[in-house]
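One structure below.
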Amino acid sequence: MKGYRFDFCPYERRFLQPLVTRHGTWHTREGIIIRLGDAKGKCGWGEIAPMSWFGSETLEQALNFCDQLPTEITEEIIFSIPDHLPASQFGFESALVAVGIAGYKRYSSPLTHGKLLTYSGLLPAGEAALNQWETLWKQGYRTFKWKIGVNAIAQELEIFDLLTRTLPTSAKLRLDANGGLSYQEANRWLEICEHIQANVEFIEQPLPVEQFSGMLKLSADFKTAIALDESVATFKQLEQCFQQGWRGIFVIKPGIAGSPFRLRQFCQSHKIDVVFSSVFETAIGKQAALQLAAELSRGNRAVGFGINHFLENPEENLFKCP
Ligand SMILES: O=C(O)CCC(=O)c1ccccc1C(=O)O
Ligand SMILES: [Mg+2]
């Protein structure tokens with residue numbers, strides 16, 4: 001079997017604006033860039049960007065996995081990466097596709113797939129959203145995501161009221177609770193969403209992962225759509241939620257969803273309503289994730305890959321690998 005020379009290089013980069021969610025504040029993104037080289041000197045890059053608070057392996061587990069691999073690896077090794085290392089499965093498989101796996105059609109860019117992706121812009125949590133949506137609007141964003149479940153509900157509802165009154169009517173708003181609402185609070189948000197003029201595209205992960213039946217009930221009780229995110233972080237969870245009857249929206253973060261080959265098969269055989277979303281990866285992981293998004297998006301849901309999240313843009317100096 002064909003062997004590839006394997007190198008890897010850890011990176012870290014600071015957020016321009018720290019990401020505030022109900023899980024706390026995230027300042028620095030750490031990950032691993034990997035490189036596979038073939039005998040002809042061609043190489044393919046991939047990225048492992050774990051998010052253990054979301055259900056993927058930790059950075060340390062990914063680093064340990066890379067450390068124990070030989071410097072020459074095969075497709076067989078890559079396709080047998082265990083399921084508890086989903087971000088690693090994504091990184092290695094995308095590097096393999098990039099170096100040119102036999103019999104696999106490679107897409108040169110998301111734009112050449114015949115579909116233009118539209119992008120959702122991420123607003124900061126709290127009232128900072130009020131004076132930042134306009135900048136994103138001027139950059140062309142028409143779909144916005146705002147984090148909720150961070151501050152007290154009364155305060156967030158007040159900001160929401162102001163925000164929905166000032167956003168242009170053609171704007172779409174996504175509310176991402178990161179599992180931070182109680183069942184009652186989720187009902188309250190959804191009731192308000194149904195009685196306003198503004199266009200709320202969906203509420204993302206209103207309840208904690210354990211409360212799947214609560215989310216099924218919310219999606220049956222309200223017209224505003226519910227999207228699962230943390231509940232479907234890895235492929236196994238995605239499959240389980242589908243089997244348990246979820247027919248609402250699935251947020252897919254390819255960077256932590258595991259094997260892209262398996263994800264592609266699943267999305268092609270079950271016609272699910274998907275929103276693709278970033279894990280704040282570098283251009284390397286983003287390119288691979290957006291290729292999948294362009295290929296597998298149905299309908300016209302904006303992808304959650306906004307720009308300008310980082311202070312350092314270190315792609316150019318990442319590769320001081322041996
Ligand atoms: O999906 C988007 O629109 C942006 C990405 C995003 O919100 C996100 C990014 C990193 C980690 C978690 C999340 C999230 O959806 O909760
Ligand atoms: Mg989310």
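The values are calculated or read from the model by the stated rules, or taken from the named source; none is laboratory data. Here the structure is a predicted model, which means the values were calculated and not measured. Here the Cβ positions follow ideal geometry from the backbone for every residue, glycine too, while neighbour counts run over all protein chains shown. SASA here: full protein model, heavy atoms, side chains in, ligands and nucleic acids out. Shrake-Rupley method; radii C 1.70, N 1.55, O 1.52, S 1.80 Å.
General remarks:
- Residue within the range 134-146 that is more than 15 Å from ligand 1 (Cβ to nearest atom), modelled with pLDDT of 95 or more, surrounded by 15 or more Cβ atoms within 10 Å (Cβ to Cβ) and under 20 Å from GLN17 (Cβ atoms) present: yes
- Among the residues making up the range 43-76, those that are without any contact (Cβ under 8 Å) to a residue 12 or more places away in the chain and more than 16 Å from ligand 1 (Cβ to nearest atom) are GLU60, ASN64, ASP67, GLN68.
- Subset of the range 211-247 (residues that are farther than 23 Å from TRP53 by Cβ and among the small types (Gly, Ala, Ser)): SER213, SER219, ALA220, ALA225, GLY245
- Those residues of the range 258-281 which are touching a residue at least 24 places away in the same chain (Cβ under 8 Å) and assigned to a helix (DSSP H, G or I), in sequence order: PRO260, PHE261, ARG262, LEU263, ARG264, PHE266, CYS267, GLN268
- Failed criterion for LEU181 (all others in (1) within 16 Å of ligand 2 (Cβ to nearest atom); (2) within 21 Å of ALA302 (Cα to Cα) hold): (2)
- Under the condition of being more than 16 Å from ligand 1 (Cβ to nearest atom) and either farther than 18 Å from LYS147 by Cα or hydrophobic (A, V, I, L, M, F, W, C) (or both), the residues counted in the range 214-239 number 12.
- Every listed requirement among (1) within 25 Å of ARG298 (Cβ to Cβ); (2) at pLDDT below 95 is met by LEU175 save one, (2).
Conditions (1) closer than 25 Å to GLU156 by Cβ; (2) of a type in the set (Ser, Thr, Tyr), marked per residue:
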position	(1), (2)
GLN211	yes, no
ALA220	yes, no
LEU228	yes, no
GLN240	no, no
GLN244	no, no
VAL251	yes, no
PRO260	no, no
THR282	no, yes
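- Per the listing SER88, SER52, the residue uniquely surrounded by 14 or more Cβ atoms within 10 Å (Cβ to Cβ), out of contact with any strand residue (DSSP E or B) (no Cβ under 9 Å at 6 or more places or on another chain) and closer than 19 Å to SER259 by Cβ is SER52.
- Lone unmet requirement of (1) modelled with pLDDT of 95 or more; (2) open to solvent by 30 Å² or more (accessible area, probe 1.4 Å); (3) among the β-branched types (Val, Ile, Thr) for THR112: (1)
- Considering ALA125, ALA154, the condition of being modelled with pLDDT under 95 and among the small types (Gly, Ala, Ser) is satisfied by ALA125 alone.
- Residue pairs meeting the criteria (Cβ under 7 Å; at least 6 apart or on separate chains; first free of Cβ contacts under 8 Å to residues at least 24 places away in the same chain and farther than 26 Å from PRO124 by Cα, in the range 291-306; second within 11 Å of ligand 1 (Cβ to nearest atom) and open to solvent by less than 30 Å² (accessible area, probe 1.4 Å)): none
- Inter-residue pairs, beta-carbon under 9 Å, first farther than 14 Å from GLY100 by Cβ and in the range 2-13, second assigned to a loop (DSSP other than H, G, I, E, B) and open to solvent by less than 10 Å² (accessible area, probe 1.4 Å), 6+ apart: TYR11/THR282; ARG13/THR282
- Residues in the range 278-291 that are closer than 23 Å to CYS241 by Cα and open to solvent by 10 Å² or more (accessible area, probe 1.4 Å): 1 in all.
- Elements of the type helices (runs of 4 or more DSSP H) sitting completely within the range 1-104 and holding at least 2 residues that are closer than 23 Å to GLY306 by Cβ: these cover 86-99.
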